[in-house]
Structure formats: structure tokens, C-alpha cells
Amino acid sequence: MHSSNTVSLDAIERILREQHSLLGSTGLGIAFVRQQEIVSCNDRCAEIFGHGAAHEMLGRHGASLHPDEKTFRRLRRRARLHMAQGLTFRTESQLRRHDGALFWGGITGRLINPAAPGEGSIWTLDDIDEQRQAQALLSTALREKQLLFDHASVGIIFMRRGHLTRCNGHFETMLGYGPGELIGTSARDWFASTAEWERIEENFTRQLAVGLSSEGEMMLSRKDGGTVICEVRCKLIDANDPDQGTIWITVDITERTQAQAALAKVHEQLEQQVRDRTRELSATVEDLHREMADRKRDQDRIYWLAHYDPLTGLPNRTLLADRSTQAIQLARDNGTPLAAIFLDLDHFKHVNDSLGHRVGDTLLVQIAKRLRSVVREKDTVSRIGGDEFVLLLPGANAHGAARVADKLLEASRQPYQIDHHELTMAPSMGIALYPQDGMDFDTLTQSADVAMYHAKLDGRNTFRFFTPEMRAQSLRALQLENALRRALERDELQLHYQPQVRIRTGRVHSVEALLRWNHPKLGPISPAEFIPVAEDTGQILQIGEWVLRNAVRQLKAWRLAGLTELKVAVNLSAIQFHQPQLPDLVSQILHAAAVPPDALELELTEGVAVNDPRTATETMDQLRSRGVRLSIDDFGTGYSSLSQLKRFQIYKLKIDQSFVQDLDHDGNDRAIVSAIIRMAQALGMQTTAEGVETEAQLQFLRDMGCDEAQGYYFSRPLPPGDDLLQFLRSRQAPAFSSSRR
Ligand SMILES: Nc1nc2c(ncn2[C@@H]2O[C@@H]3COP(=O)(O)O[C@H]4[C@@H](O)[C@H](n5cnc6c(=O)[nH]c(N)nc65)O[C@@H]4COP(=O)(O)O[C@H]3[C@H]2O)c(=O)[nH]1
């Protein structure tokens, strides 16, 4: 062997060792294959296929390294085509390990000598199973991501430097753009306004600067101009590199916002309704409270009015009745005494009539206070009428009640000062004791009332204890008083007229009006009986006015019927006479009936001037100056002085019938009557004798020179009917004979 052409054995061995270590140190598996079997391989190759050592691989058929025969042949066909051209065949294919498990391998194959394929091929193998699995995972993840991206029900956009770099279909649809149309657009293009964009940009920039994701709502503009309200969540793609841009997840909340707005509106409306309703309710509740308070106040007021006297604030009759009933029960249960005092103010009416109601009211209030101050706390002082009070004294016996009555009399002596008036007001009191004078409220107060009436009869300004005898006497007076209250309104009063006959001529110049009262149950009641009652209660004023009016009206009728010179005489009570307005009233009545004043004669009793001659004179002057004539009735029974008679310029004296009655057999009466007639003549006054019943009486009177006579001898007092008219006509005074004297 030539040394230059021959390779020494050592050299070959060295080369082989080098190749062996080269094959052993590479990370790739390397195998020589001839006739589809492995003839040589390195350890890595054995390791990849799951063998412990390379020699275990030797002789293995290529097909056993592939998943199946079919795969192996397909790969072999492809490799042969390639390698036959001297090219390296590369592929990735699944292979089978020794334990049967499949794995991915990266394979390259090359023929050792393309010109002689039978020399075999050399294959390298890389275990890329993990890499393939990672790739598979990656592509799955990417696919899933894309799916998510494409089908997400939220808009997803990627922004970089204010421009949209990518977005999903949902976002495009949301804004009404076609696929890809938004790529590259500026956010300003699809923000509802520049201001809105700047607001969002500033917000997001601020929040992203501190590494937070940013959230907010924004208003975008659709391609067709509509507005979309979005909820946005924005995040930097790479927190360390803001240049990478941001990803925005957007949710169209237009409908939700609108629904919320609508809901809020409905809610607000509802709340408004609730507020309105609440306001209405509280107003109603307030009204209700007010109404309840009003009602309570009204009820209290009604109760008060029903139980108290509004003027003095003292309990009224109702409350007195309640308290009396309770006190009576207590007295009965405990066997303790009880007294009631009925108190009536003497002549209180005069104060009212002369000084007016205001003074009268003030006086009553002061009196009420004084009464209260005299009695004890547990006693009741009540006002049951104009000037009537009842004091209920639990625990008081006769002695105690008398003491209280004394104290009341004592207290009443102190004058009351009202304006510039100094007034004294004396009480008349009646005392009734439980149980002897009354077992119940009504009887007890009635007894006290009766006793009071007797205190009045006994001269007033005093008190009397009730006695059973009083009741019988007073009952009639009380009955009359009550009945009299309704007499006028029930038209029970009537006037009868009694002619006054001129003795010399027998003619009638005037008639006297005499009041008649025919009560439906009590029958005819004499004025002598009921006039004092009417005077006592003050009813005389009303009645007296009625008498005046009717008498004058009747006179007018007679005058129109031809009795042109007839006059009428009307009785006037002292109480009427003390009315300051009497002269005006008389004038007004005469004027209304168109009757001349000298056709009216007012009959006064002697007593009218006794108490207050000055005022009486004034009233008489006034009446006379108006032309009215005045006469003194029942002359001889009172205490008229001659000087008074002169001063009063009385027109006529009427001789009381008590003197006339006994003229026949009583020398005294004859003397009195003749003296009266002479005196009257001396003073220039007319005389009329009352109660003339006989011719003898008339004769005497005629002889004495009496001017007129009146009595049953001529006529009883008659109602103004035909009989009377006939009588008057038959004795009509001739017009020429009429004179003032
Ligand atoms: N026995 C007897 N009596 C005769 C005779 N002629 C007349 N009389 C009665 O004598 C009374 C006369 O009236 P008087 O002295 O003014 O007395 C009256 C008068 O003071 C008063 N009176 C009557 N009417 C009124 C009135 O309208 N106002 C006022 N204030 N008092 C009146 O009542 C008193 C009684 O009146 P009367 O019962 O009508 O009684 C009348 C009359 O009916 C007679 O021949 N014999």
C-alpha cells in the first residue's frame, strides 16, 4: 500500500472515535438506516425512543418507530422523493417510543450516497414533543382569544396614541361601522364631542399614570350620528411600556342608561307623588288636628256656655242644678245640712233703664265678684236670671245661712263705683233649708224664691226663711209671673173702656182704658192682681206701651167713627213714669195715630212723686208741654201735698172709689170727698169720682160740685164693641162744649 494513498488504520480509528464522540455529544438523535432497519444510532437516539442504550435500537425496523404502517410508508415515500435528488428531507412527524407512547419528532434525512441509495440513509431526530404541545396550546389559546375577540358581547378596542389600532366586530356594530372601517381612526372621530373626548382622555391619562385601570362612562357617536353611551374599562397593554397603547372594553349601556333614566324619572315621579301625598296627608293630618282642637275648643266653649253665665262667669242654672243634686245627695248620705239662698237685687231694672245696659252689666259683674268673696270656696254662687242669684251652701244650717245672708247684706252696703256713678244695690233674699223646705233642686230653689218674694213684700233689703204658708201665697204670684211672660205674644190681653160722665150734662167726654187679662187656664185675672206682678218683673214697661198704643189707636178709630171730641185716659205705672224716654214714647204713639195730645190723659198714682219729686216734676213738665193731660188716680189714698199738686199742674183728681162707696152712710167719707172737690176747685183742677154705683152717690157728688163720675151706675168697663159705641154715641159730647176745663 502506497503511503500517500493509504490511510493508516490508526488514522481511521481516530476518525471513527472522533465521529463517535461527535455523534455522542450532539443533542440530536442520529441513526443510520439501511434496508429500513437501524444499523447504527447514537445514545441520544436510543434515549429519545425510550431505550437504555444505542445497541438496543439496532435492527429495529423503521415502521416500528412510527405510529402505524400507513404513516411510516407515506413518510418514506415523501422522503425518498426528496432524498433521491440529493436533498435533505425535513419533516415533523409523530413517532412511537419503545413503550408505545407517541411523541413529536423533528426529522431530517439524507441519503449517504444519492447515487447509491442502497448504501443507506442518515437520519437526525429531535424530540420536539414539548415544543409541539406548547405550540398547540398556544394556537388553541390564540384561537380561543380570537373567538372571544370576534364574538364578545362587549366592544374591544386597542388604542395607541389616540388612534384605534384594532377593534372587534361588536365595537364596529355598536358604532354602525363596517369591518375594518375604524382602524386608524382618531378617537375624536367617534366621540360624541371633543369636550367629551378630552374629559375621558384626561381622566384615563390621570388614572393610568398611577398604574390603575381606568373606568368611566363616555358618550360616543355612531356613524349615522346617533349617540351611544358606553361603560368603559381601560388598561395599559404593558404597564412598563405605555407606548404599547391601551385596551378598552366597552359596554353599550345606552338602553340601560335610558332605562335607568326612565326608571329614575318614574322613581322621581313616584317620589314626587309620595312627597305630594305625604304633604297632602300631613296637611290633612294637620287639618284634622286643627279640627279636633277646634272641636275640642268648641265643645269646651259649648260646655262653658251651657253651664256658665257669659257675663259674670258664674255657674248658670244648669250647673247649679247639677251641683245641687250632688250636694243634696251628699247631705242625705252624710246627714249634713244644706241651705240655698235665692237673692234678687232690689230695683236693679232702674239701673239698666236709667244708666243703660253697659253700666247694668258692669254692676252685675262687680256684684257677682262681691257675692263670691263673701262665701266659702266650696259654696256655689250662680246667676240664674237678670238680677237673680242662687247661693248653694253645703253644710250650712239655718244659723249658718242667716250668717251668710247677714254678711251679704253687710257687703251690699258698700257702694259700687262704675265710671262716675256711685251705686248701691240692696238684695232681697230667701233662704230654704234641706230637707225640710225641699228634697230636690227644684223644690229647694222654689222655696228660696218664695221666701225671697216675701222678703221683698216685707220691705226689701232683707232676708226671710221659707215657711210652708208662704208657698200657698207665692204660688199664685209665681204662676202669674210666668203666665204673664207669654200673655202679650199669645194675645191674651185686652182693653176695656169705662166712660167718664160729666155729672152736669150727662155727656161722656172721655173713657178710661182698663186692662183685662183672660188666661186660657187661670181665667180672667184682675189688673189689681197682675199689675203689681208685672211691675215687679219689669214686664209692666212692655205691657204699658202696648196699652198706650192700643188705647190711642182705639181712640183714633172712635174719632174717625164720629166721636170726634172723645178723649182717653190711660193708667200709668210708677215704673213707666220713671222711664226717661216716656215723653218721647207718648209723642211718638200719638203722632203715629194722628191723635192730638190733649185727647190723652195719663192717670198717675199719688206715689209717683214721692221718691224723686224733682225727676217726676221734669217728666210731668215735659208731658204737659207736649199737650198731654195728667190726672192723679185713687186720690186720697196716698200722700200728695198740696204744694206738689200745684207744682205738677195736675189737670184732674180722681177720687178713690173707697171714699165713694160709703158716701151714703159714712159721714167721714162724705167730708173727705167734699174736701177733695173743694180743694181741687180751689187749685183749678177737675174732679172725677170713681166707683159710682148709685143715684144717691151721684146726687151727693153733683151737690158737691164734682165734675165727672165713673162707675157701674153708668156703665161697667166694656170691650170696644157695638154696645160701647152705642153708649158713647148716645152721650156724645157736643163739639162746641169741648173745653180744656
Ligand atoms: N166696685 C166697683 N168698681 C168699679 C166700678 N167702676 C169701675 N170700677 C173698677 O175700678 C177700677 C178703676 O180703676 P183704677 O182705680 O184706675 O184701678 C185700676 C188701675 O190702678 C189698675 N189698672 C187697670 N188697667 C191698668 C193699666 O192699663 N195700666 C196700669 N198701670 N194699671 C191699670 O188696676 C186697677 C183695677 O182695675 P180694674 O180691676 O179694672 O178696676 C177698675 C174698674 O173696673 C164700680 O162702680 N164699682
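The values are calculated or read from the model by the stated rules, or taken from the named source; none is laboratory data. Since the model is a prediction, treat every value here as computed from it, not as a measurement. Please note: Cβ atoms are built from the backbone with ideal geometry, for glycine as well, and neighbour counts cover all protein chains shown. These area figures cover heavy atoms from the full protein model, side chains too; ligands, DNA and RNA do not enter into them. Shrake-Rupley method; radii C 1.70, N 1.55, O 1.52, S 1.80 Å.
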Per DSSP loop assignment and a cutoff of at most 12 other beta carbons within 10 Å, the chain keeps its longest run without exposed GluC sites (Glu not before Pro) at 1-376
Per DSSP, the loop-located trypsin sites (Lys or Arg not before Pro) within the stretch 375-411 having at most 14 other beta carbons within 10 Å are Arg376, Lys378
Per the charge dipole of the chain (beta-carbon charges, Lys/Arg positive, Asp/Glu negative, Cα centre), the residue among His350, Gly155, Leu102 reaching farthest to the positive end is Leu102
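Measure off, as a whole percent, the carbon and sulfur share of the 1.4 Å-probe accessible area of the chain, all protein chains present. Walk me through the numbers before you get to the answer.
Numbers: 20670 of 39740 Å².
Accessible surface attributable to carbon and sulfur in the chain totals 52 percent.
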Computed ³J(HN,Hα) along the stretch 23-34: with the Karplus parameters 6.51/-1.76/1.60, θ = phi - 60°, integer Hz and x for glycine or proline, the list is 5, x, 8, 6, x, 8, x, 10, 9, 9, 10, 9
With Rh as the Kirkwood radius over Cα pairs, the stretch 21-134 has Rg/Rh of 0.94
Scaled by the rule-of-thumb 2.2 N^0.38 Å, the alpha carbon Rg for the chain gives a ratio of 2.64
If each part is reduced to its alpha-carbon centroid, the stretch 502-560 and the stretch 443-463 end up apart, in Å, by 30
Checked the stretch 513-600 against the a/c 1.5 cut and the a/b vs b/c comparison, axes a ≥ b ≥ c from its Cα gyration tensor; verdict oblate
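At 222 nm, what value in deg cm²/dmol follows for the chain if DSSP H runs of at least 4 each add -39500 (n - 2.57) and the sum is divided by all its residues, to the nearest 500? Present the calculation step by step, with values, prior to reporting the outcome.
Numbers: 24 runs with 347 residues, N = 741.
Result for the chain: -15000 deg cm²/dmol, rounded to the nearest 500.
If you put +1 on each Lys and Arg Cβ and -1 on each Asp and Glu Cβ, how big is the dipole of the stretch 21-134 around its Cα centre, in Debye rounded to 20?
Values: 15 positive and 13 negative charges, 128 e Å.
Approximately 620 debye in magnitude.
Counting only protein chains, not ligands or nucleic acids, how are Trp190, Trp546 ordered by accessible area (probe 1.4 Å), most first? Before the final figure, lay out the partial values.
On the way: Trp190 0, Trp546 60 Å².
Putting Trp190, Trp546 in descending order of accessible area: Trp546, Trp190.
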Given the candidates Gln554, Asn113, Leu478, the one whose Cα lies deepest towards the positive end of the charge dipole of the chain, counting +1 at each Lys or Arg C-beta and -1 at each Asp or Glu C-beta, is Asn113
Once the in-chain neighbours fewer than 8 apart are removed, the lysines whose Cα is under 29 Å from Lys369 read Lys296, Lys349, Lys378, Lys407, Lys456
For Lys652, the lysines lying under 23 Å Cα to Cα, once residues fewer than eight places off in the same chain are dropped, come out as Lys556, Lys567
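Relative contact order for the chain: what percent, with Cα pairs under 8 Å and sequence separation of 6 or more? Before the final figure, lay out the partial values.
On the way: 1175 pairs, mean separation 42.8, N = 741.
Here the relative contact order equals 6 percent.
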With a Förster distance of 60 angstrom and the Cβ-Cβ distance between Lys70 and Glu202, calculated FRET efficiency to the nearest 0.05 equals 0.35
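Can you give me the accessible area per residue for the chain, using a 1.4 Å probe, in Å²?
Value returned for the chain: 54 Å² of accessible area per residue.
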With +1 at each Lys and Arg Cβ and -1 at each Asp and Glu Cβ, the charge dipole magnitude of the chain around its Cα centre, to the nearest 20 debye, comes out at 1240
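Let me check something: with ligands and nucleic acids excluded, how do Ser730, Ser447 order by accessible area (1.4 Å probe), largest to smallest? Could you put the intermediate results ahead of the total?
Values: Ser730 85, Ser447 0 Å².
Heavy-atom accessible area, descending, gives Ser730, Ser447.
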Sorting Leu604, Ala239, Gln326 by the position of each Cα along the dipole of the chain (Lys, Arg +1; Asp, Glu -1; all at Cβ), the one nearest the positive end of that ordering is Ala239
Expected unfolding gain across Glu181-Asp621 under the 0.36 nm per residue rule, minus the alpha-carbon gap, is 145.6 nm
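Assuming R0 = 56 Å, what is the FRET efficiency of Arg256 and Gln94, from their Cβ-Cβ distance, to the nearest 0.05? Don't jump to the answer; show the numbers that get you there.
Details: r = 52 Å, r/R0 = 0.93.
My answer for the efficiency is 0.60.
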From the Cα centre of the stretch 96-119 to that of the stretch 342-421, the distance in Å is 148
Listed by chain and number, the lysines with an alpha carbon less than 20 angstrom from that of Lys145, same-chain partners under 8 positions apart left out, are Lys235
In the chain the DSSP beta bridges are antiparallel at a rate, in percent to nearest 5, of 80
Using the Kirkwood formula on alpha carbons, the hydrodynamic radius of the stretch 308-466 in angstrom works out to 15.5
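Using only the alpha carbons of the stretch 492-732, what is the convex hull's orientation-averaged projected area in square nanometres?
Details: hull surface 51.4 nm².
The number I arrive at for the stretch 492-732 is 12.8 nm².
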Of the convex hull drawn through the C-alpha atoms of the stretch 433-482, the volume per residue in Å³ is 74
By the rule of another cysteine's Cβ lying under 4.7 Å, the cysteines of the chain that fail to get a partner are Cys167, Cys230, Cys234, Cys706
